[in-house]
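Student: The structure that follows is given in the form of structure tokens.
What follows draws every value from the coordinates through simple rules; no lab data is involved. All values reported here derive from a predicted model rather than from experimental measurement. Cβ coordinates were reconstructed from backbone atoms using ideal geometry, including for glycine residues, and neighbour counts include every protein chain displayed.
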């Protein structure tokens with residue numbers, strides 16, 4: 001039945017005095033969906049909070065990744081700089097080694113020239129001019145024109161090696177026994193006959209044996225180890 005305003009207000013007042021009535025009224029008036037809405041909103045708020053937290057974590061991970069990328073880029077830059085420095089150092093070292101090898105080779109040749117000159121003088125040879133090297137498709141390290149005790153002109157030729165191997169001895173012997181090679185020597189003013197020596201600081205096992213078989217003289221810093229077996233005549237002899 002209808003009720004007036006005063007009764008409505010009394011009814012509202014009673015609802016405030018009895019909270020359990022308000023809950024019952026909500027169940028009657030509101031749908032289940034509306035009743036569950038606060039829970040849904042709370043869940044959405046919690047999901048939003050977790051999402052924001054995850055976004056912050058992802059942003060922090062991104063920041064750390066960017067920082068790591070910067071560190072790696074810096075490490076790469078330092079590595080490239082170090083590689084350049086090592087390449088430059090290797091270049092300088094290679095140049096120094098080459099210069100040292102050239103200096104050492106020159107020293108070996110100079111020592112060979114000095115030794116062969118002293119050896120020949122002691123044997124009574126007269127030195128006609130200072131020793132020199134001769135470039136001829138493979139340099140002859142020492143050439144020394146001299147005159148033997150009987151007045152015959154000879155040309156001492158020396159292959160100088162820090163370390164003398166069997167292969168060095170064989171190559172040197174074959175070169176000096178080549179008529180074409182001796183002809184080209186004569187064209188360069190080294191006319192022969194030739195007194196053939198090999199000089200070394202160290203001689204490999206078997207090199208001396210081969211030198212003796214090939215008739216080549218051997219020199220070391222302390223003098224003559226093997227005497228050449230005769231002279232090799234000029235190509236047109």
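Quick grid of which residues meet (1) surrounded by fewer than 19 Cβ atoms within 10 Å (Cβ to Cβ); (2) within 39 Å of the chain's Cα centre (by Cα); (3) in a strand (DSSP E or B):
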residue	(1), (2), (3)
183	yes, no, no
186	yes, no, no
190	no, no, no
197	no, yes, yes
201	yes, yes, yes
211	no, yes, no
218	no, yes, yes
228	no, no, no
235	yes, no, no
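Student: As an exercise: evaluate residue 112 against (1) surrounded by fewer than 21 Cβ atoms within 10 Å (Cβ to Cβ); (2) within 37 Å of the chain's Cα centre (by Cα) and give the number of the one condition it does not meet.
Tutor: (1)
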